[in-house]
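Any read-out appearing in this document is the output of simple, stated calculations on the displayed coordinates, not a laboratory observation. The model shown is predicted, which means the values in this text are computed figures rather than measured ones. No Cβ is skipped: glycine too gets one built from the backbone with ideal geometry, and neighbour counts run over all protein chains shown.
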Amino acid sequence: MKKALSLIGAVLLFTGVTVHAQDSQMANHLALGISLGLDGVGLEAALPLTPYVQARAGYSFFPYTHKQDFDLGTLEIGGKTRDLSRTPFSATMWKGGTGKLLFDIYPGRNTGFHFTVGAYIGSGKIVHASADISKALSPQDYATLAITYGEGPDKIRVSTDKNGFIHADAKAGPFIPYVGLGFGRAVKPDSRVRVSFDMGALITGGIKLQSYSYLRNEKGDPAVITSKVLVDESGRQMDGGWIDKICKIPVFPMLKLNVFVRLF
Amino acid sequence: MKKVFILALTAFMILPVSCNKTQDEKQNQLDPPATKELAQTIRFNTPVEIGALSINSIELTEASRYIIEYNQTKADWGASILYGTYSFANNIFSLQGFGNLQLSGNIVTISPSAAGSGPVEVVANINPTTTTTETSSNACRNWEIGQIILGLSGGEFGQAGIEKIFKNGIDMKEIGEWASEYFPISQEDLATIAPYSVKEICMAGSGSFVLAFKSADPFYGSYTLSGSNFSYTLSEDDIPFISGGKVSGSIEFTGTTCKIEATATAVYEQEKYDATLEMELHEIR
């Protein structure tokens, strides 16, 4: 993470120096574009800072939500068993959308190939899932009854929100550095429409799998679920350690296609 | 101008995801309790007989409450204290529901309000109560309970457990009715616990702890404070399901709100449970 930040800082510094030297190139064109990629669909604005550096800023969101009924078995509290065999489940990505600020660095004045550094900024919820268990609980228990698991500082608490939904996220930090490479320039003075392509990696440094309890905070207190927490009474990890392994993967891939229209 | 527009546009696009709200939280402080200067404990060398009571001590708290400890004459669930509100005027303490007290040196004159009981004048040890720390000074008040979070784990739950929030304090009717949704609780049990809805908690500088109910006799015990560590002990006769009658945890004051997080070990039908209680308390003025 620190290295990525240093890299971005170096690029910005480099950009500043170059802008000074090539002042006549700075921000004299603007293109607006749409993007389609693993971050969803988005809008981007691009402006060349120098012949070697282009800045892009934008926002994207994931327009698709997968919905399916799942058999979650039963929930037993006290002497009562609640049926969760047909639980409506939905999942989407990049909850709340992401803002982004990217800098394309071109090795030559006229090359389309470029390196890109920058950052994605948002909730960090790369995957968001929710399950509707409202029919399994009394309405008076929505956001007021939590299931706990484990003990001590690792104890997790999970409840529904006020509508009877349980939420879970695969979450990175709110500021995710990006490094990658790509092809194409968003802005070229002699053409109105441009296409560019990005491929790279978001440096998440790993993610957290977390659910929420809404008892103390209506926005939800996170409950981080780890393999260490999910142990049975004999001390055996119920997930075989897979949650920790997946959560430690430090990058998330990114592929993106952009189409820009030069405004001036 | 064009460049300014472009840079402004870019900044505007970033702004919604990078701005932070700042919140200026003004915190109220607790005023000194109403009768802080009058707080004292009156102990009698030999119990004073007033009507059917054999009184060991009378405590006047920092926040207008009196606690009269008397010898228990019956062994069922019942209080060994009289508990109520007092006021002070013309050098006389008026103990609502009991009578008047007048102090002169180490002489106490007790004038019960009940018919047939004349004034009694006795020698006593009278000790003013002082609080030495900010936490104890803050704690020595009467509190009503706001929201609570009850937690139960262990026992039949195994590794799992439950937590439930109740917004209206310790209302045993509400808690009992909710619990009966999940646990085998009879109507008779519900009727038994219903009167024990908590009206107020009294913490006195002397270390006395009173749990006063809306429709039942109060529970009396003691509490200790050490930094932010807090514990209270009630009679096991009163709370037989809590091991040792002891509940311990932490206490914290934010503005005029007191938050207690406590844990206890509970035993029910030979199963051992870990019980937690988070209480938000508001001062009664």
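Test of understanding: ordering B:Thr132, B:Thr257 by Cβ neighbours within 10 Å, fewest first, what list do you get?
Fewest to most other Cβ atoms nearby, the residues stand as B:Thr132, B:Thr257.
What ranking do B:58-69, A:90-101 get when scored by the average of other Cβ atoms within 10 Å per residue, highest first?
Highest mean packing first, the order is B:58-69, A:90-101.
Which value, in debye to the nearest 20, gives the size of the charge dipole of the protein assembly as shown about its Cα centre, when Lys and Arg are +1 and Asp and Glu are -1 at the Cβ?
Working: 47 positive and 55 negative charges, 779 e Å.
Dipole of the protein assembly as shown, to the nearest 20 debye: 3740 debye.
Using a basic spin-label model with each label point 7 Å from the Cα along Cα→Cβ, how many nm lie between B:Asn106 and B:Asn71?
Taking the two extended label points, one gets 2.2 nm.
I'd like the orientation of helix B:2-18 relative to chain B: the angle between its Cα long axis and the longest Cα principal axis, in ° from 0 to 90, rounded to 10.
The helix B:2-18 is inclined about 40 degrees to chain B.
Return the Cα extents of region A:89-151 along principal axes one, two and three, sorted largest first, each rounded to a whole Å.
Extents along the principal axes, in whole Å: 66, 28, 15.
Contact order normalised by length for chain A, with contacts defined as Cα pairs under 8 Å and 6 or more residues apart; what percent is it?
Computed over chain A, the figure is 19 percent.
Expressed as a whole percent, how much of the Cα-Cα distance distribution for region B:175-258 exceeds 16 Å?
Value for region B:175-258: 64 percent of Cα pairs lie more than 16 Å apart.
Cα axis of helix A:2-21 to longest principal axis of chain A: angle in degrees, 0 to 90, nearest 10?
Value to nearest ten degrees: 20.
So how far apart, in nm, are the two label points at B:Ala114 and A:Leu36 if each is 7 Å from Cα heading toward Cβ?
For the pair B:Ala114/A:Leu36, the computed spacing is 8.9 nm.
Calculate the translational D of chain B in whole µm² s⁻¹ from Stokes-Einstein, where the hydrodynamic radius comes from the Kirkwood formula applied to all Cα pairs, the temperature is 37 °C and the viscosity 0.692 mPa s.
Numbers: Rh = 21.8 Å.
Translational D for this selection: 151 µm²/s.
Treating the angle as unsigned and between 0 and 90°, give the value, to the nearest 10°, between the Cα long axis of helix B:172-182 and the longest Cα principal axis of chain B.
Around 60 degrees separate the two axes.
Show the residues, 5+ positions off or on another chain, whose built amide H is closer than 5 Å to the amide H of B:Tyr268.
B:Tyr273
Which length gain, in nm to one decimal place, applies between B:Glu174 and B:Tyr268 when the Cα-Cα distance is subtracted from 0.36 nm times their residue separation?
Gain on extension, B:Glu174 to B:Tyr268, equals 31.8 nm.
Where the centroid of each part is defined by its Cα atoms, how far is region B:80-120 from region A:143-176 in Å?
Taking the Cα centre of each part, region B:80-120 and region A:143-176 sit 55 Å apart.
Using bins 10 angstrom wide from zero, how does P(r) for region B:136-283 break down, in % of all Cα pairs?
In whole percents, the pair-distance histogram is 11, 40, 38, 10, 0.
Could you pull out every residue, at least 5 positions away or on a different chain, whose amide H is within less than 5 Å of the one on B:Gly146? Hs are placed 1.01 Å off N in the peptide plane, and Pro or chain starts have none.
Distant-sequence amide H within range of B:Gly146: B:Glu280, B:Leu281, B:His282.
So if each residue of separation counts as 0.36 nm, and I subtract the Cα-Cα distance between B:Glu156 and B:Lys259, what length gain in nm does that give? Don't skip to the answer; put the middle values down first.
Numbers: separation 103, 0.36 × 103 = 37.08 nm, distance 2.90 nm.
Answer, rounded to one decimal: 34.2 nm.
If the protein assembly as shown were replaced by its equivalent ellipsoid, with semi-axes equal to the square roots of 5 times the Cα gyration tensor eigenvalues, what would those be, largest first, whole Å?
Listed largest to smallest, the semi-axes of the protein assembly as shown are 66, 29, 18 Å.
With +1 assigned to the C-beta of every Lys and Arg and -1 to the C-beta of every Asp and Glu, and no other charges, what is the dipole magnitude of region A:116-264 about the Cα centre in debye, to the nearest 20?
840 debye
Would you mind working out the magnitude of the charge dipole of chain B relative to its Cα centre, with +1 at each Lys and Arg C-beta and -1 at each Asp and Glu C-beta, to the nearest 20 Debye?
Around 1160 debye, computed over chain B.
Quick check on chain A: helices-only [θ] at 222 nm, where DSSP H runs of length 4 and up contribute -39,500 (n - 2.57) each and the sum goes over total residues. Nearest 500, please. Let's see the in-between values first.
Details: 2 runs with 26 residues, N = 264.
That comes out to -3000 deg cm²/dmol.
Output wanted: per-residue J couplings in Hz (rounded whole) for region A:154-165, from phi through Karplus 6.51 cos²θ - 1.76 cosθ + 1.60, θ = phi - 60°, x for Gly and Pro.
Result, ordered by residue: 8, 4, 10, 10, 10, 9, 7, 7, 5, 9, x, 9 Hz.
Could you check the spin-label model distance between A:Glu218 and B:Glu49? Points 7 Å from the Cα along Cα→Cβ, value in nm.
Calculated label separation equals 6.2 nm.
Output the Cα-based Rg and Dmax of chain A in Å, rounding Rg to one decimal and Dmax to a whole number.
22.9, 77
Report the net charge of residues surrounding B:Ile260, where surrounding means a beta-carbon distance below 15 angstrom and charges are Lys +1, Arg +1, Asp -1, Glu -1.
-3
Residue by residue through region B:104-111, what is 3J(HN,Hα) from phi via Karplus (6.51 cos²θ - 1.76 cosθ + 1.60, θ = phi - 60°)? Round to whole Hz and write x for glycine and proline.
These are the phi-based 3J(HN,Hα) values: 9, x, 9, 9, 10, 10, 9, 10 Hz.
From the Cα trace of region B:36-130, what convex hull volume per residue do you get, rounded to a whole Å³?
Details: hull volume 9.9 nm³, N = 95.
Cα-based convex hull of region B:36-130, divided per residue, equals 105 Å³.
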